[in-house]
Each structure stands twice: as structure tokens, then as C-alpha cells.
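Shown next, in C-alpha cells, is the structure this report addresses.
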Amino acid sequence: MKLSYCLTLVCWGLGGLWLGLSAQADYYFDRAFRAESAGELSQALVFYSLAIEADPENEIFYIARGDLVSTLPDSGYSVQEKINSTHFRKARADYDRALELQPQSYLAYMSRGTLFYNHYQYDRAKSDFDQACKLARFVDDKIYAQGARGSVKFKLNEVDGALYDLEAALRLDSTNAYLLNEIGYVYLQLERFETARDYYERILQHDPENLVAFANVGYTHLKTGDYSRALSIYNDAIHRHPNRAFLYSNRALIFHRLGLNERALADINHSLGVESANAYARYVRAIIQLAQGESDAACTDLFRARDLGYTLDYGPEVVDLLMEHCIQANQKPQAEEKERAALKGE
């Protein structure tokens, strides 16, 4: 699950920070902010860089540019490609510079921690979120710092600590959709599906149009075997949001469980057509292919799902299937080939 964190001037109300800036730096930042808001990201990047040139000692400029760079589309999709991506390195360099200029910058720790989290560097993310939690009292934003730390703790298998942080943050804002969704996710992974559903439904009480919560309610019904209810929910969600890839991959799993593999494959192929780097969709297609005896195709998808970070994002299922159907299955032929070569003296 990807974290997102809003650090712009509008989101944080940091207008007072800009009063002492030079007129030129202030002008460039304003142009950058307006361009980013309009979706003109390349132009925004140019103006953020000009603002830094005009005032290279202001850490906020580096954070703003790092936040923009960290959201830019990259050519890399696998775990290693993400970790080694140019955008990751550039965003991190901006956050590191911001912390050199202002070692007590809550914003920089939150932004860099989010960058680490989204690129699977969970130990580093936790360290940054720890620092953000310590500094949060100065900016009155304990909710997101503690919530983010709870999210990364769960990724590190610190379940009790994760729930402690997430529930503590939720007590400060009982209707916070991000926190409710994260707690629901924890219970979903713990296979406490009814409890997870309760948290997702609490989101819908305050935000009936929340697509992620709505889909997650459907997923809990899928996991408890109520396929008709799950299918009804996903049909409704797809009708309202026909371009969301994850809805099709989840509905494909329902069709598979109902024995409708042709419809399942149609959904999963559509999902991958929308989002080719979808590790979960690759995993679901592999399950269907294994059921149809297409082990070679399944193994291709399983290896790709692994490389795309399925294990880090969801759990060990892909590795288990690889060991059962792909890796061990190839060991015997390889051993036999080596034995034949040895007999021939090769």
C-alpha cells in the first residue's frame, strides 16, 4: 500500500514562512506552485529549481521540489528499479539537503520517510517517522506522523506496535479515512475479516463515495466466501469507475472462485492492459493459469509479480507458489541434465 503525504503551501498553511524570502525566489516558487497545481509538472520542476537558485538556503524549496520529483512517473517498476530510479535519488537528495539546512524539519522527515516507504526501505522510513513523531508537537500534526509510523511498523511485522500507533492517531481523529483504511488493512492481513470490514464501513458512513473503502468491503466478502455479495459490490464499483485496474483484478478472483475462468481471464487481462505493473493482477492470473494446467505461463507471471514487489506489498503467496510450481519443478530436470553431462565427461 502506497503512502501519500501533502506538503504544499496550501495543504499546510505555511504562508508565514514565505514572508522573508527574496521577491525573486518568492516569484519562482509561486510560478512553480501554480504550474504544479495545473498539472504542468515539467514547468513546475524548472521553477522550483529557479527558486532554489535564488534562495539556496531555504529548506522548504528543496522539500517542495523533492515532493514533485517523487511523484513523477518513472520507467522502473520492479523493486530494484524503484530503489535505483533517478527520481528516487533526486528526491532523496533534496530531502537530505533540506535536513542539512534544517535538522529539525518535520516536513522533511515526513517527506523522506514517505519516499522510503514507497520504495520498500521500511527501516529507513520508520527512522524518519520516529523523528517526525518527536517533532510533531511543534506543528500540531501528530495524527499523520503516528499513522505513517504505524503503517511502516506493520510492514516490519511489528503488529502490536502498528496497531498501537494507528489506534492512538485515530483517537485524535475518529473519522480519518486514511487511518481507518490502514487499520482495516492490518486486520485484513491478519485474516480478521469481520473486524476489517467494520473499519472500512466506518469510512463509508462519513464518505459513501470512497471507492477504496467500498472495494475493500467487497474484498472482505470475497475472503469469507460470500461471492455473490462480493460480486455485486465489484459490479457496482466497476459500473461507476470503469477505468480502475484494481477493481477488475479483484473481480477476476471472484469469477475464478465461482469457476468462471474465461470471465476471470477477461477481467485480469483488462486490468493488466490498464496497469501492466500490477503485481496483484499477475498473481491472480497465475492462479487461474495453474488451475488450467498452464504452468509455464503461470510461472512467468509469478516471477514478474515477485519482481514487482508482491511479497513486500501483500504477503508470501507468490513465493510459496513459485517454490511449489516453478522453482522446485525445474530442479529435477536441471539435476538430470547435470548428471548426463557428468556421465559424458563434459
Can you tell me, using C-alpha contacts under 8 Å and at least 6 residues apart, the relative contact order of the chain as a whole percent? 8
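If you average the sequence gap of Cα pairs under 8 Å that are 6 or more apart and divide by the length of segment 234-300, what percent do you get for the contact order? All intermediate terms of the calculation are to be shown ahead of the outcome.
Values: 66 pairs, mean separation 17.7, N = 67.
That works out to 26 percent.
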Among K142/K223; K82/K153; K82/K223; K126/K223; K134/K155, which pairs are too far apart, with a Cα-Cα distance over 27 Å? K142/K223; K82/K223; K126/K223
Under 13 Å from a point placed 7 Å out from the Cα of H206 along the Cα-to-Cβ direction: which residues of segment 102-128 have their backbone N that close? none
Cβ neighbours within 10 Å, averaged per peptide: list 106-115, 189-198, 211-220 in order, most packed at the top. 106-115, 211-220, 189-198
Checking rank on 169-175, 121-127, with mean other Cβ inside 10 Å and highest first, the result is 121-127, 169-175
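Working out 0.36 nm times the residue gap between E167 and E194, then minus their Cα-Cα distance, what length gain in nm do you get to one decimal?
8.0 nm
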Along Cα→Cβ, 7 Å out, is where each label goes; now give me the distance between the ones at N84 and S174 in nm to one decimal. 5.1
Inter-probe distance in nm under a simple model that places probes 7 Å from Cα toward Cβ, at R257 and D226: 1.1
Angle between the chain longest axis and helix 227-240 axis [Cα atoms, degrees, rounded to 10]: 50
Please give the helix 122-135 orientation as an angle from the longest Cα principal axis of the chain, in degrees from 0 to 90, rounded to the nearest 10. 30
Simple spin-label model, 7 Å along Cα-to-Cβ: R240 to S276 in nm? 3.2
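Each value in this text was obtained by applying a stated rule to the coordinates, not by laboratory testing. Small disclaimer: the values here were computed from a predicted structure and weren't measured. No Cβ is skipped: glycine too gets one built from the backbone with ideal geometry, and neighbour counts run over all protein chains shown.
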